[in-house]
Amino acid sequence: MSWVPRDLSQTCAVYTTVTTCSPSSLLFLQLIAGLFGRSRDDIFSQNSVDSNENVENEYGSHFKWNHGAPGYDDREEFDFVVVGAGSAGCVVANRLTEVPEWNVLLLEAGPEEQDVIDVPAFAPLLQMSSVDWGYTTQPSPHSCRARPNGGCPWVRGRVMGGSSSLNYLLYMRGTPLDYDEWAAQGNPGWDYKSVLPYFIKSEDNRNIEIIRAGYHGIGGYQTVEQFPYRDANVEIVTEGFRELGLEEMDLNADRQVGVMIAQHTTRDGERLTTNGAFIRPIRGKRRNLTVRINSQATRILIDPESKIAYGVEYIRNGKVETVYARKEVILSSGSLNSPKLLMLSGVGPSEHLNTLGINVIQDLSVGYNLHDHTTIDGVVFALTNKTSTAVDDQQMREDVEYYRQTHRGPLSATGPLQVNAMVQTKYASETRPDIQYSLDATNVNNFFTDPILTAETTITPIAYYDAMMVRPILLAPKSRGVVMLNNSDPIFGQPLIFANTFKERVDLLTIIEGIKQSLNLLRTESFRKAGIQLVAQQLPACRNYEFGTDSYWACIAQEYTTTIFHPVGTCKMGPKNDRSAVVDPKLRVYGIGNLRVIDASIMPIIPRGNTNGPTIMIGEKGSDLIKDRWLKTGDVIATQVQYAVTETLDKFKK
């Protein structure tokens with residue numbers, strides 16, 4: 001399947017006010033689709049065996065178990081079925097297939113990872129394209145009010161690599177106290193000292209000269225490095241933060257209030273998704289791994305009497321398929337789709353499931369505790385010709401060709417987003433930061449002509465810009481939302497996302513303070529020499545407020561809300577006495593045998609960083625928790641559970 005960019009025909013049909021709707025921009029998008037729309041991994045799907053054949057080849061294995069007794073059908077069985085090939089699922093599939101005797105199926109709803117994904121500067125082009133689930137939040141009185149229909153888009157990866165294929169590549173783990181807080185809430189083994197080895201295990205850090213010893217790994221699957229290209233604004237912004245008193249430091253070590261030219265999940269100028277890092281090197285080599293793309297799970301099969309998970313139902317090529325798990329089903333579909341699948345399977349809030357006619361197998365707070373790293377559009381620093389990186393169409397095409405040949409040049413980086421700063425506002429109550437600054441690329445004329453249309457038609461590579469959008473990111477939100485099933489189409493309709501952003505007043509006040517602190521950059525020598533200035537022009541939805549006042553910034557935050565797409569918490573990890581917990585500290589779903597959730601949805605509290613790295617860590621630790629259970633010789637409990645699983649499988653195959 002080739003990559004298909006977002007459809008701008010309707011959005012741009014009426015409007016011609018922004019350059020992203022111009023014919024040359026649309027032609028550029030077609031060029032990118034033509035040059036980068038295929039996948040280097042197509043060889044696997046082209047040569048893979050059909051799921052109905054009882055054969056093996058070098059691209060994967062399909063295992064049949066025919067018990068040879070009347071009443072049994074030929075059914076596919078694997079030891080483990082992993083649902084979702086995202087930031088955690090790819091890690092889990094890799095680590096479980098390290099055990100040669102275990103057979104693992106990895107199910108992914110989307111296609112192979114296309115080459116367009118691997119170009120760092122193309123990150124904006126991926127949103128609302130064929131590899132994005134295209135989810136949108138429900139209208140709220142507190143946020144996203146100026147967005148179409150009052151909802152904010154929440155980008156989620158529907159492709160091998162999941163959201164690690166669509167994110168902006170930042171590798172920021174959060175603070176040590178974040179994980180100590182998890183443990184303090186009744187989750188032993190999740191304190192920073194316990195999880196640090198898993199961060200180190202996955203990592204292959206290529207910039208050992210800038211990192212703190214003892215906090216990083218070399219030789220892991222996931223390469224982490226700084227970009228090979230920096231434009232002039234990267235140093236200007238970094239120096240500006242230094243002038244404001246922030247120390248330049250490794251923000252992935254023991255202290256996080258400071259500034260850093262960030263490291264990213266790239267390798268030699270290309271994005272390195274968890275698919276590229278953990279699956280591609282072993283795919284076609286480990287015969288105990290089967291990867292099945294374009295396979296959307298619709299239900300976890302759970303025996304309502306024994307409450308043991310024994311398989312997965314999924315749609316592939318328009319057909320309903322069933323696969324059985326002899327040991328465990330691992331749900332790694334992310335913070336929006338994992339709760340959706342649990343609820344479709346009868347695990348969730350009984351009141352909600354009853355209204356949809358779903359038989360409740362286990363009443364749990366699935367979908368609750370939703371929170372995210374919120375930010376805003378609206379604070380714009382205009383550049384002069386001295387540091388503007390905007391180029392004409394010809395130069396852009398030349399840069400594309402140069403990147404194809406070398407993996408270098410402007411497209412090998414994400415412009416000013418390379419700089420990350422962590423600060424404390426007056427609302428911070430501890431030593432941890434509560435605001436993270438990213439400076440995004442934008443176009444002044446486009447944004448102030450039509451901020452909403454500009455956001456809906458973002459197709460320009462992030463390397464080219466004549467202004468920087470200052471994004472104060474709320475690191476420790478107090479507001480909580482919920483994910484629910486779509487009552488008109490629970491299976492195929494997108495889940496209902498009630499983000500409740502800014503429901504708690506302190507979140508809004510913290511963002512306002514973050515905006516005001518960011519304006520101090522304009523007073524620095526670095527910014528003055530570069531001629532960088534604030535664009536003091538009111539946005540349409542906030543014209544009733546005086547520019548620059550707290551009331552104006554509050555309006556901007558609530559009207560032009562956006563996010564850096566870090567939803568977490570909807571299958572919360574917690575102790576047994578926590579009624580809001582869905583999984584225990586070993587990531588087992590409460591009340592259901594042989595079912596775990598291993599992804600960002602288990603985070604009880606969001607880390608104060610970017611969530612891709614922590615989700616990879618969860619995949620690493622979760623894999624060891626599985627191994628710890630099943631590889632213990634002489635474990636009587638595991639033997640008893642295996643016997644119960646066999647009985648359940650026998651029952652449902654008759």
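So which GluC sites (Glu not before Pro) in the range 201-260 pass both tests, a DSSP loop state and at most 13 other Cβ atoms within 10 Å of the Cβ?
E209, E247
Please state, as a whole number in µm²/s, the translational diffusion coefficient that the Stokes-Einstein equation yields for the chain at 25 °C and 0.890 mPa s, with Rh defined as the Kirkwood radius across alpha carbon pairs. Walk me through the intermediate numbers first.
Numbers: Rh = 25.2 Å.
Value of D from the Cα-based Kirkwood radius: 97 µm²/s.
Which distance in Å, rounded to a whole number, links the C-alpha centroids of the range 144-212 and the range 223-260?
18 Å
What's the angle, to the nearest 10 degrees (0 to 90), between helix 232-243's Cα axis and the longest principal axis of the chain?
Its long axis makes an angle of about 80 degrees.
What are the lysines whose alpha-carbon lies under 19 Å from the alpha-carbon of K529, with same-chain residues fewer than 8 places away excluded?
Within the straight-line limit of under 19 Å, K529 reaches these lysines: K386.
Only Lys, Arg, Asp and Glu count, each charged at its Cβ (+1, +1, -1, -1), so figure out the dipole size of the range 413-527 about its Cα centre, rounded to 20 debye. Kindly include the intermediate steps, with their values, before the conclusion.
Numbers: 9 positive and 11 negative charges, 86 e Å.
Around 420 debye, computed over the range 413-527.
If you count only protein heavy atoms with a 1.4 Å probe, what accessible area per residue comes out for the chain, rounded to a whole Å²?
Numbers: 23870 Å² over 654 residues.
Here the residues of the chain average 36 Å² of exposed surface.
State the antiparallel share, in %, of DSSP beta bridges confined to the chain, rounding to the nearest 5.
Values: 55 of 81 bridges.
Among the beta bridges of the chain, antiparallel pairing accounts for roughly 70 percent.
Given a cut-off of under 8 Å on Cα pairs at least six residues apart, what relative contact order in percent is computed for the range 160-269?
Details: 146 pairs, mean separation 32.1, N = 110.
The normalised contact order for the range 160-269 reaches 29 percent.
Along Cα→Cβ, 7 Å out, is where each label goes; now give me the distance between the ones at D624 and R38 in nm to one decimal.
4.2 nm
Which whole-number percentage describes the relative contact order of the chain, with Cα contacts under 8 Å and a sequence gap of 6 or more?
Numbers: 1531 pairs, mean separation 133.7, N = 654.
Once normalised by length, the contact order is 20 percent.
Tell me, in nm to one decimal, what length is gained between R255 and Q46 on full extension, where the rule is 0.36 nm per residue of separation less the Cα-Cα distance?
Working it through step by step, the gained length comes to 70.5 nm.
Any idea how far apart K285 and R579 come out in nm if each label point goes 7 Å out from Cα toward Cβ?
Here the answer is 5.1 nm between the modelled labels.
Given an 8 Å cut-off on Cα distances and at least 6 residues of separation, report the relative contact order of the range 148-200 as a percent. Could the numbers behind the result be given before it?
Values: 29 pairs, mean separation 9.8, N = 53.
In percent, rounded to a whole number, it is 18.
Tally Lys/Arg at +1 and Asp/Glu at -1 over every other residue whose Cβ is under 15 Å from the Cβ of T355; what's the total?
Details: positive: none; negative: E351, D363, D489.
Computed value for this residue: -3.
Using a/c under 1.5 as the rounded threshold, could you call the range 354-410 rounded, prolate or oblate? The axes a ≥ b ≥ c are square roots of the C-alpha gyration tensor eigenvalues, and prolate needs a/b larger than b/c, oblate otherwise. Before the final figure, lay out the partial values.
Details: a/c = 4.61, a/b = 2.36, b/c = 1.96.
Because a/c hits 1.5 or more and a/b exceeds b/c, the range 354-410 counts as prolate.
Carbon-plus-sulfur fraction of the accessible area of the chain, 1.4 Å probe, in percent?
On the way: 11530 of 23870 Å².
Carbon and sulfur: 48 percent of the exposed surface of the chain.
Along the positive direction of the dipole of the chain (beta-carbon charges: Lys, Arg +1; Asp, Glu -1; about the Cα centre), which of G174, S163, V347 reaches farthest?
Positive-most Cα among the choices belongs to V347.
Among 212-219, 534-541, how do they line up by average Cβ neighbours within 10 Å per residue, starting with the highest? Spell out each step's value before the answer.
On the way: 212-219: 13.2, 534-541: 15.0.
Per-residue Cβ counts within 10 Å, averaged per peptide and sorted highest first, yield 534-541, 212-219.
If you take the charge dipole of the chain about its Cα centre, with +1 on Lys and Arg Cβ and -1 on Asp and Glu Cβ, which of P188, I452, Y402 is farthest toward its positive end?
Positive-most Cα among the choices belongs to P188.
Sum up the charges of everything whose Cβ sits under 12 Å from the Cβ of T375, counting Lys and Arg as +1 and Asp and Glu as -1, but leave T375 out. Provide the component values of the computation, followed by the final result.
Working: positive: R471; negative: D372, D377, D440, D507.
Result for the local shell: -3.
Cβ under 15 Å from I208's Cβ, I208 left aside: what net charge do those residues give with Lys, Arg +1 and Asp, Glu -1?
Net local charge, I208 excluded: -3.
Check the chain for me: any Cys whose beta-carbon has no other cysteine beta-carbon within less than 4.7 Å?
C90, C571
Could the peptides 146-153, 24-31, 91-98 be put in order, highest first, of the mean number of other beta-carbon atoms found within 10 Å of their residues?
Numbers: 146-153: 18.2, 24-31: 15.4, 91-98: 25.0.
By packing density, highest mean first, the sequence is 91-98, 146-153, 24-31.
Roughly what % antiparallel, to the nearest 5, for the DSSP beta bridges in the range 63-201? Walk me through the numbers on the way to the answer.
Numbers: 5 of 9 bridges.
Antiparallel bridges make up about 55 percent of those DSSP assigns within the range 63-201.
If a/c stays under 1.5 just call it rounded; otherwise compare a/b with b/c (prolate if a/b is bigger, oblate if not). Do that for the range 549-614, with a ≥ b ≥ c from the square roots of the Cα gyration tensor eigenvalues.
Details: a/c = 3.58, a/b = 2.54, b/c = 1.41.
It is prolate, given that a/c is not under 1.5 and a/b is the larger ratio.
Might you work out the accessible area of H373 for me, using a 1.4 Å probe with all protein chains in place, and round it to the nearest 10 Å²?
That residue has around 0 Å² of solvent-accessible surface.
Could you tell me the distance between the Cα centroids of the range 110-139 and the range 75-105, to the nearest Å?
With the range 110-139 and the range 75-105 each reduced to a Cα centre, they are spaced 25 Å.
Tell me which of S412, C571, P139 sits at the most positive position along the dipole axis of the chain, charges placed on C-beta atoms (Lys, Arg +1; Asp, Glu -1).
After comparing all options, I get C571.
The values are calculated or read from the model by the stated rules, or taken from the named source; none is laboratory data. Worth saying up front: this structure is predicted, and the values here are computed from it rather than measured. Positions of Cβ are generated from backbone atoms using ideal geometry, with glycine treated the same way; all protein chains shown enter the neighbour counts. Side chains included, ligands, DNA and RNA excluded: accessible areas come from the protein's heavy atoms. Shrake-Rupley method; radii C 1.70, N 1.55, O 1.52, S 1.80 Å.
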